[in-house]
1. Can you tell me, using C-alpha contacts under 8 Å and at least 6 residues apart, the relative contact order of region 209-319 as a whole percent?
2. Of Leu34, Phe86, Asn207, which is farthest towards the positive pole of the chain's charge dipole, taken about the Cα centre with +1 and -1 on the beta-carbons of Lys, Arg and Asp, Glu respectively?
3. If a helix is a whole DSSP H run, which ones in the chain reach 27 Å or further along their own axis (Cα) and hold a mean Kyte-Doolittle hydropathy of at least 0.0?
4. Give me Tyr65, Tyr132 sorted ascending by neighbouring Cβ count inside 10 Å, so fewest comes first.
5. Could you work out which residue, out of Val174, Val324, Val147, moves most in a Gaussian network model of the chain, that is, has the largest mean-square fluctuation with Cα springs under 10 Å?
6. Using the Cα centre of the chain as origin and beta-carbon charges of +1 (Lys, Arg) and -1 (Asp, Glu), tell me which of Tyr125, Ile49, Pro104 is placed farthest towards the positive end of the dipole.
7. If you place +1 on the Cβ of every Lys and Arg, -1 on the Cβ of every Asp and Glu, and leave all else neutral, what size is the dipole of the chain about its Cα centre, to the nearest 20 Debye?
8. Count of lysine pairs in region 199-322 with Cα atoms under 24 Å apart, counting only pairs 8 or more residues apart in sequence or on different chains?
Amino acid sequence: METLTVLRDKRGPSDSWQEDLSRRADAIDPTLDLEAEIRRLKAEKNAVILAHYYQDGELQDLADYVGDSLALAQAAAKTDASVIVFCGVHFMAETAKILNPDKPVLLPDLDAGCSLADRCPIDVYSEWLKQYPGHTVINYINSSAAVKAVSDIICTSSNAVDIVAQLPKDEPIVFGPDRHLGRWVEKQTGRKMVLWPGFCIVHEQFNARRLQKLIDAHPDATIIAHPECEEAVLDRADHIGSTLSLLKFVQSHPEIKKFIVATEHGIFHQMKRSRPDAEFICSPPNSGCDCAMCPYMRLNTLEKLYLCLRDGYPQIEMDEDLRVRAERSVVRMLEMSKHLAPVQQKGD
Ligand code: 13P
Ligand code: SF4
């Protein structure tokens, strides 16, 4: 069954993937300069490293491209490197594989999943879709290859509003798997869509009541939020957008000295780098934890990046039939967003 795609990924010679990983990690010489080794291996293998803004700063610093989901998909579509190493989560590496069937696509930790993709299993999703014949199916890129294969168009948080706005006004749309992004797109475009009830565990934990208290304590702060947050949080935001959009907002407003940020903590690395004069405060969560770290993104580490480059696994593997079916909706997204975010190289 297609939901088992991940189990067919090339995890290496051992039956127990995590045991094999621990064994190789334990054997790394502690005096080894991992950053230098990664740079050497990258050149030797003609590899490109793509990193999402939610990765640890040390991984972002080693990457050739750092970006949001759209910019990274665009970079994957364009690369002429022989090997792609994805510092991000499984659906991102899978998208790179969909676009590059002949290249090895490595993911430092294959267990780096995503709550949105996991909560939209293809068997349940395709049954649900049967209720909506004649609808255009738009799915967030945070979904499995199998879900992409039953989609008409893929979108990201960067281009979702623009893509929906490009469709004729009377075209019925099913949108999945993030209900908050879907509802925000509905608001921006003024059109109703059928929404799959998925959510991101990181963004849904921001608490609007606590955020309001923080706003009251910092009346000089500007609130920026990712559209995966709940409506009550977004209602309090001055700017809403993808990770790249949030970063660009911070960079293009030197007059603002204090930001309250409602998205994953990894983005603070680039925000602080480009605005050392500004203060960044994390939007408060529901629980006692005072940070917003994606547990899946954090599975990738410097050691695992080194090991996957050195040993050439784990790799993303995909049935060619599934890949071809998933490719249509991803390519359609890239075509429909050519006029949007250009590929950004690190430091752009
Ligand atoms: P963007 O990369 O589109 O900002 O999405 C954030 C996210 O949650 C990625 O998993
Ligand atoms: Fe998925 Fe949320 Fe993590 Fe992004 S931050 S990878 S949407 S769980």
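Nothing in this text is a laboratory measurement; each read-out follows from the coordinates by a stated rule. Since the structure is predicted, the reported quantities are computational estimates derived from the model, not experimental observations. Neighbour counts are summed over all protein chains in view; Cβ atoms, including those assigned to glycine, are modelled from backbone coordinates with ideal geometry.
1. Once normalised by length, the contact order is 21 percent.
2. Asn207
3. Passing helices, by number: none.
4. Tyr132, Tyr65
5. Largest GNM mean-square fluctuation: Val324.
6. Final value for the positive-end residue is Tyr125.
7. Computed charge dipole of the chain: roughly 700 debye.
8. 8
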